[in-house]
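The values are calculated or read from the model by the stated rules, or taken from the named source; none is laboratory data. Every value quoted in this text rests on a predicted model; they were computed, and no experiment measured them. Cβ: placed from backbone, ideal geometry, glycine included. Neighbour counts: every protein chain shown. Protein only, heavy atoms only, side chains kept; ligands, DNA and RNA dropped before computing areas. Shrake-Rupley method; radii C 1.70, N 1.55, O 1.52, S 1.80 Å.
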Amino acid sequence: MASVPTPLEQEDVFQILVVDDEVVIRQILADFLSMEGFTVDTAEDGEAALKKLEAATYDIVISDMKMPRMNGIELIESVQKRGMDVLVVMMTAYGTVETAIDAMKKGAYDYLLKPFKMEEVIRVVQRGLENRRLARENMLLRETIALYRACEQIASSTSLDAVLRQVVDTALREVNADHVLLHLDGGGGSYELRTEISRVKRPFGAGWLDLVELFHAHEQGQPVLAHGERTAVYLVPDVQAVVSLLSVPLRVQHDLVGFVTAVSTTQGGRFSEGQRKLLSVLAGRAAAAIVNARLYEELERTFRQTVQSLVRALEAMDPYTAGHSDRVAKYARLMAEQLGLSGADVDLLMQAALMHDIGKIGCHANLNKPGTLSSEEYEVFRAHPRFGKEIIEPITFLQAILPGVHLHHERWDGKGYPMGLVGEDIPLQARILAVADTYDAMTSSRAYRTAMHHAVAMQEMRRCAGSQFDPAVVAAFEAVIEGYRKRCTTEGIAVPD
């Protein structure tokens with residue numbers, strides 16, 4: 001008699017469910033298969049079998065065809081309807097070809113004719129187990145490739161939010177979870193929920209997890225993989241135990257920076273030890289990426305604050321330009337939202353607005369003196385977009401605001417500087433800043449002139465639409481500026497007369 005294939009790992013110990021209304025047949029098959037090294041369970045009919053399939057995971061079901069309450073064909077149909085990953089082998093004493101074909105059409109993997117020999121049972125089981133083994137190997141290969149690609153994406157990202165989203169998306173997909181929650185160290189020994197995702201309509205409440213117990217388990221290096229009632233230890237009191245719970249630490253060297261928790265609320269949806277290992281590999285790569293993203297964001301924040309401080313210092317040197325960048329940023333936001341820009345693009349535009357005059361640091365001449373600038377002084381002034389580009393360009397994470405800083409003095413008709421771009425060749429970021437910058441300059445007092453009234457400035461903006469400015473941007477500004485002025489007046493905020 002041929003031997004059954006040797007399991008490679010603990011999770012490859014195959015589970016068999018024998019279903020028959022005759023006690024003797026159930027016992028004989030259970031005893032025989034157990035002696036062959038399988039874990040065997042039994043059920044007296046289709047309904048009892050279905051309950052066991054919903055509560056646990058089996059690889060093969062060997063079921064009689066004719067049984068009370070729910071027969072074999074009905075059991076196959078229920079298994080197919082619920083999408084259960086199990087092979088069904090049908091036993092029948094009614095050995096007609098039509099009966100076997102009908103069972104196979106309904107989804108049976110194979111069939112046995114009663115009375116059967118035990119060698120026949122083993123042969124069918126062997127084929128089924130080989131099928132399961134190959135399926136698992138293929139699934140493992142797909143999971144490994146998917147995990148490798150996900151880890152590459154995670155490692156290459158410098159955005160903390162992007163890293164966290166990639167982790168929970170991958171975890172949800174690769175371990176077939178219903179819910180995934182990611183907590184990060186919030187300081188002071190606390191852990192805060194940073195992101196979560198669900199594939200089912202009824203979400204798992206983030207407050208249902210006992211974070212103290214999870215933290216304790218991860219600090220002790222204990223694997224967290226629990227099923228049924230055993231999940232209760234990781235849930236707050238009075239929360240009904242879930243089907244399965246899996247949690248892995250986000251650890252960099254000896255530091256616990258957080259943990260990822262996968263939850264199954266679907267009957268029969270038990271996580272395996274193999275899935276715990278897979279999620280642990282993902283978490284190991286993710287933890288390093290999270291730390292790097294945090295460092296990158298802190299560095300980015302420090303650089304941005306430094307540059308903005310330089311802008312503030314520049315404006316503080318001249319009382320006439322104080323607050324100019326802040327006002328340009330507000331006007332730019334109004335236009336961007338009116339034009340339907342995305343939230344991310346609006347944020348970039350605001351940053352560009354705050355830094356658009358950073359290049360004036362390189363201008364040594366007094367550009368706000370009473371009277372007209374000399375030709376030499378005017379050339380110095382015209383150089384400030386180039387100086388701004390030179391300041392911003394080496395800073396990688398500020399590349400996205402470079403068009404606004406460098407090109408906000410370009411004109412729609414191509415007569416601007418520093419590159420003489422025409423029309424839509426000028427980036428939208430720069431076209432919006434050109435309108436905001438010019439309006440604020442006209443409605444603010446300078447050493448060489450008093451501020452224009454709002455109505456006069458708007459008349460000038462309309463006159464220059466199509467020559468100096470993008471007409472669509474001017475139209476957007478017109479559509480929002482009056483409402484903005486009214487809100488400011490209501491809130492006691494000063495606006496140009």
1.4 Å probe accessible area per residue over region 345-497, in Å²: 47
When ranked by the protection proxy of mean other Cβ atoms within 10 Å per residue, highest first, what sequence do the peptides 245-253, 220-228 form? 245-253, 220-228
Return the long-range amide H neighbours of Leu235 (sequence gap of 5 or more, or a different chain), with a cut-off of under 5 Å between placed amide H atoms. Asp210
Explain nothing, just the number: relative contact order of the chain, from Cα pairs under 8 Å at least 6 residues apart, as a whole percent. 9
Within the accessible area of the chain (1.4 Å probe), percent carbon and sulfur: 53
Where both residues lie in the chain, what percent of DSSP beta bridges are antiparallel, nearest 5? 60
Please say if region 448-497 is rounded, prolate or oblate, where rounded means a/c under 1.5 for a ≥ b ≥ c the square roots of the C-alpha gyration tensor eigenvalues, and otherwise the choice is prolate for a/b larger than b/c and oblate otherwise? oblate
Using alpha-carbon coordinates alone, the radius of gyration and Dmax of the chain in Å work out to 34.7, 112
Label-point separation in nm, Glu491 to Lys81, each point 7 Å along Cα→Cβ: 5.8
Note on region 323-364: contact order normalised by length, alpha-carbon pairs under 8 Å, 6 or more apart, percent, works out to 53
Let's see if you can work this out: charge +1 on each Lys and Arg Cβ, -1 on each Asp and Glu Cβ, no other charges. What is the dipole magnitude of region 38-90 about its Cα centre, in debye to the nearest 20? 100
By a straight-distance test (C-alpha under 20 Å), which lysines pair with Lys330 as possible cross-link partners, with residues fewer than eight away in the same chain excluded? Lys486
Using all C-alpha to C-alpha distances in region 403-467, build P(r) with 5 Å bins and read off the rounded percent in each one. 4, 18, 25, 21, 18, 11, 2
Could you tell me the largest-minus-smallest coordinate of the C-alpha atoms of region 232-323 on each of the three principal axes, in descending order and whole angstroms? 71, 32, 21
Average Cα contact separation per residue, region 150-309, under 8 Å, 6 or more apart, as relative contact order %: 26
Among the DSSP H helices of the chain, those whose Cα atoms extend at least 27 Å along the helix axis and whose mean Kyte-Doolittle hydropathy is 1.0 or higher are none
Find, to one decimal place in angstroms, the Kirkwood hydrodynamic radius of region 371-497, where the mean of 1/r is taken over every pair of different Cα atoms and then inverted. 15.9
Computed helical MRE - 222 nm, the chain, DSSP H runs ≥ 4 contributing -39500 (n - 2.57), nearest 500: -16500 deg cm²/dmol
Residues with beta-carbon under 10 Å from that of Asp161, excluding Asp161: net charge, scoring Lys, Arg +1 and Asp, Glu -1? +1
Taking the Cα centre as origin and putting +1 on Lys and Arg beta-carbons and -1 on Asp and Glu beta-carbons, what dipole magnitude results for region 367-497, to the nearest 20 debye? 280
